[in-house]
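Below is one structure, written out as structure tokens, with a few remarks after it.
The values are calculated or read from the model by the stated rules, or taken from the named source; none is laboratory data. None of these values were measured; they are calculated from a predicted model. Neighbour counts run over all protein chains shown; Cβ positions are idealised from the backbone, glycine included. Heavy atoms of the whole protein, side chains included, go into the accessibility calculation; ligands, DNA and RNA do not. Shrake-Rupley method; radii C 1.70, N 1.55, O 1.52, S 1.80 Å.
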Amino acid sequence: MRKLLFILTITLFTINTKAQDTIKWLSFEEAVALNKKTPKPILIDVYTDWCGYCKKMDMETYSNRTIINVINDNFYAVKLDGEEKEDIVYKDHTFKFQKNGRKGFHQLPATLLNGKLSYPTTIFLTETEELIQSIPGYLDKKMFEKILGYFSSNNYKNTNWKDFEKGFKSNL
């Protein structure tokens with residue numbers, strides 16, 4: 001009986017630990033709704049299914065425990081498909097998929113990126129859902145940790161990037 005209880009306890013602990021080892025990804029609508037109740041900056045990962053660097057960032061950057069903890073503690077994290085087919089209603093406007101050639105794009109990421117679609121792109125919004133910065137391209141975990149530190153602690157408001165980067169201490 002004790003063995004069974006011990007094994008059950010270890011199993012539940014392992015399952016619980018595993019559940020905390022991933023980013024709590026939300027839909028855009030979920031993040032906006034949560035932000036209305038408890039304001040927090042929003043991080044948006046704009047990706048596509050066919051993007052190799054998007055997959056690499058998922059496997060190598062977004063899977064890192066330090067990155068996971070910083071994101072989960074400081075942001076509402078959104079995965080936003082640049083080719084999403086479903087409508088998204090935001091600020092009384094319905095953003096739709098727009099066919100363009102053989103594929104197409106979704107109007108919301110195109111709007112957030114001022115028409116400069118690039119995959120992957122990481123977008124940071126304030127607690128009031130204003131654009132802080134969009135960063136196109138693959139970000140390895142070392143660079144992304146610095147970027148997260150810069151935007152999660154509001155350093156971007158009063159410290160320039162070069163000064164922040166010089167004083168940054170990594171937890172990786």
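Out of everything in segment 144-172 that is out of contact with any Ser or Thr (no Cβ under 8 Å at 6 or more places or on another chain) and under 12 Å from residue 64 (Cβ atoms), what residue ends up being surrounded by the fewest Cβ atoms within 10 Å (Cβ to Cβ)?
So, considering only residues that are out of contact with any Ser or Thr (no Cβ under 8 Å at 6 or more places or on another chain) and under 12 Å from residue 64 (Cβ atoms), the one surrounded by the fewest Cβ atoms within 10 Å (Cβ to Cβ) is 170.
Out of everything in segment 144-168 that is closer than 18 Å to residue 130 by Cβ and not in a helix (DSSP H, G or I), what residue ends up being modelled with the highest pLDDT?
Here the answer is 158.
Can you work out which of the residues in segment 33-49 that are among the charged types (D, E, K, R) and closer than 18 Å to residue 70 by Cβ is most open to solvent (accessible area, probe 1.4 Å)? Please lay out each step first, then the result.
Going through segment 33-49, the residues among the charged types (D, E, K, R) turn out to be 36-37, 40, 45, 49.
Among the residues that remain, those that are also closer than 18 Å to residue 70 by Cβ are: 40, 45.
Details: 40: 47, 45: 4 Å².
If we take residues in segment 33-49 being among the charged types (D, E, K, R) and closer than 18 Å to residue 70 by Cβ, then 40 is most open to solvent (accessible area, probe 1.4 Å).
Which ones in segment 40-53 are in contact (Cβ under 8 Å) with a residue 40 or more places away in the chain, over 11 Å from the mean Cα position of the chain (by Cα) and over 19 Å from residue 115 (Cα atoms)? Reasoning before the result, please.
From segment 40-53, those in contact (Cβ under 8 Å) with a residue 40 or more places away in the chain are 40-48, 51, 53; that's our starting set.
Okay, now just the ones that are also over 11 Å from the mean Cα position of the chain (by Cα), so 40, 48, 51, 53.
Matches in segment 40-53: 40, 53.
If only one of 78, 89 is open to solvent by 90 Å² or more (accessible area, probe 1.4 Å), of a type outside the set (Asp, Glu) and in contact (Cβ under 8 Å) with a residue 40 or more places away in the chain, which one is it?
Numbers: 78 fails: open to solvent by 90 Å² or more (accessible area, probe 1.4 Å).
Unique residue meeting the criteria: 89.
Identify the residue in segment 100-143 that is assigned to a helix (DSSP H, G or I), closer than 27 Å to residue 63 by Cβ and free of Cβ contacts under 8 Å to residues at least 60 places away in the same chain and, among all such residues, is least open to solvent (accessible area, probe 1.4 Å). Let's see the steps before the verdict.
Initial filter on segment 100-143 (assigned to a helix (DSSP H, G or I)): 107-112, 141-143.
Still in the running and closer than 27 Å to residue 63 by Cβ: 108-109, 112, 141-143.
Narrowing further to those that are free of Cβ contacts under 8 Å to residues at least 60 places away in the same chain: 142-143.
Values: 142: 140, 143: 70 Å².
Step by step, filter segment 100-143, then rank; the result is 143.
Taking segment 47-68 as the region of interest, how many residues are farther than 24 Å from residue 171 by Cα and hydrophobic (A, V, I, L, M, F, W, C)?
Total satisfying the criteria: 2.
Checking the condition over 30 Å from residue 166 (Cα atoms) and either in contact with a Lys or Arg (Cβ under 7 Å, 6 or more places away or on another chain) or not polar (S, T, N, Q) (or both), which residue from 84, 130 passes?
Numbers: 130 fails: over 30 Å from residue 166 (Cα atoms).
Just one listed residue meets the conditions, 84.
Only one of (1) within 27 Å of residue 21 (Cα to Cα); (2) touching a residue at least 40 places away in the same chain (Cβ under 8 Å) fails for residue 37. Which number is that?
Result: residue 37 fails condition (2) only.
List the number of the failed condition for residue 150; all other conditions in (1) over 24 Å from residue 29 (Cβ atoms); (2) in contact (Cβ under 8 Å) with a residue 60 or more places away in the chain hold.
With respect to (1) over 24 Å from residue 29 (Cβ atoms); (2) in contact (Cβ under 8 Å) with a residue 60 or more places away in the chain, residue 150 is out only on (2).
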